[in-house]
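> Here's a structure for you.
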Amino acid sequence: MQRILIVEDEVKVANAVKMGLEENGFEVEVAYDGRMGKSLAANHDYDLVILDLNLPHNNGYEICEVIRRRNNKVPVIMLTALGGMEDKMQAFELGADDYLVKPFDFRELLARIRVFLKRAGAEMTQNSRYKLVIADLEIDRERKEVWRGGKKIPLTAKEYQLLELLALHKGKVISKLMIAEKVWNIDFDTGTNVIEVYMNFLRKKIDKDHEQKLLHTKTGMGYYLSEE
Ligand code: CA
């Protein structure tokens with residue numbers, strides 16, 4: 001179930017939105033003032049946040065900053081009674097994704113929420129399809145780039161393919177036979193130790209400078225990549 005945080009001090013508005021969202025299958029938490037909103041936003045993860053601008057204690061801008069510090073991606077929809085251009089610009093500058101002027105139609109809010117959640121969901125699927133992350137190792141499958149601890153690691157095409165194969169099967173032992181087939185397109189037992197050689201290349205580039213080793217050998221069985 002997707003979780004939405006509403007920060008709104010007008011109890012009537014907050015409760016009406018809460019009820020409407022719950023009827024549409026969302027899990028909803030409400031903060032009725034800025035302090036509570038800030039605390040919830042700082043300590044919990046939400047799929048989306050609806051944020052009133054004028055609040056007791058901490059205003060919507062401050063809370064938006066807190067949300068952004070915790071999570072860059074969560075969609076934030078700001079609500080306000082003021083329709084001024086200045087507020088709108090400031091809301092976007094502070095990282096709000098959308099802006100709704102009160103009084104608003106609940107269906108309008110719901111439609112926007114659905115758009116944002118759909119977009120966020122699509123991005124997440126896309127990211128996991130194109131990006132593999134294991135501990136501090138990142139593999140960008142679109143760009144064929146590898147990073148460890150934020151540092152780019154240049155790999156040859158074969159080294160990359162070998163690493164990607166292991167990463168796609170994270171934690172599973174991959175036999176030399178499978179590696180030979182998938183990376184070198186050859187049947188096994190050509191009598192070379194090419195796989196051992198490439199594993200050594202990879203270890204030097206990926207693991208050597210790091211205390212946490214990611215590439216492992218299962219003697220007589222094959223290799224695996226894991227953060228153990
Ligand atoms: Ca208010």
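The values are calculated or read from the model by the stated rules, or taken from the named source; none is laboratory data. Remember, predicted model here, so these are calculated numbers, not experimental data. Because the Cβ atoms are built from the backbone with ideal geometry, glycine has one as well, and the counts that use them run over all protein chains shown. Just so you know, the surface numbers come from the protein's heavy atoms only, side chains and all, with ligands and any DNA or RNA stripped out. Shrake-Rupley method; radii C 1.70, N 1.55, O 1.52, S 1.80 Å.
> Could you please let me know if Val133 is among the hydrophobic types (A, V, I, L, M, F, W, C) and either at pLDDT below 90 or in a helix (DSSP H, G or I) (or both)?
yes
> Identify all residues within the range 150-189 that are assigned to a strand (DSSP E or B), β-branched (Val, Ile, Thr) and over 11 Å from Leu202 (Cβ atoms); write none if there are none. Even if it seems obvious, please write down each step before you answer.
In the first step, residues of the range 150-189 are kept if they are assigned to a strand (DSSP E or B); the result is 151-153, 174.
Checking which are β-branched (Val, Ile, Thr) leaves us with 153, 174.
Residue satisfying the conditions is Ile174 alone.
> Step by step: first the residues of the range 161-181, then only those that are of a type outside the set (A, V, I, L, M, F, W, C) and over 15 Å from Ile134 (Cα atoms), then the one that is modelled with the lowest pLDDT. Which residue is that?
For the range 161-181, the residue satisfying everything is Glu181.
> A further question follows. Quick test of your reading of the structure: Trp184 fulfils all but one of (1) open to solvent by 40 Å² or more (accessible area, probe 1.4 Å); (2) modelled with pLDDT of 95 or more. Name the failing condition by number.
That leaves (2) as the condition not met.
> Pairs only if they're at least six apart or on different chains, beta carbon under 8 angstrom, first in the range 147-163 and not assigned by TED's automatic domain parsing to the domain that holds Val197, second open to solvent by 70 Å² or more (accessible area, probe 1.4 Å); list them, first residue then second.
none
> When you go through Leu79, Leu100, Leu94 one by one, which is the residue that is touching a residue at least 60 places away in the same chain (Cβ under 8 Å), assigned by TED's automatic domain parsing to the domain that holds Gly121 and under 22 Å from Arg119 (Cα atoms)? Can you show your working first?
Values: Leu100 fails: touching a residue at least 60 places away in the same chain (Cβ under 8 Å); Leu94 fails: touching a residue at least 60 places away in the same chain (Cβ under 8 Å).
Going through Leu79, Leu100, Leu94 in turn, the sole match is Leu79.
> So Lys208 passes all but one of these: (1) at pLDDT 90 or above; (2) open to solvent by 90 Å² or more (accessible area, probe 1.4 Å); (3) assigned to a helix (DSSP H, G or I). Which condition number does it fail?
(3)
> Which of (1) away from the ligand (no atom under 15 Å from the Cβ); (2) under 21 Å from Gly121 (Cα atoms) is the odd one out, the single condition Gly20 does not satisfy?
(2)
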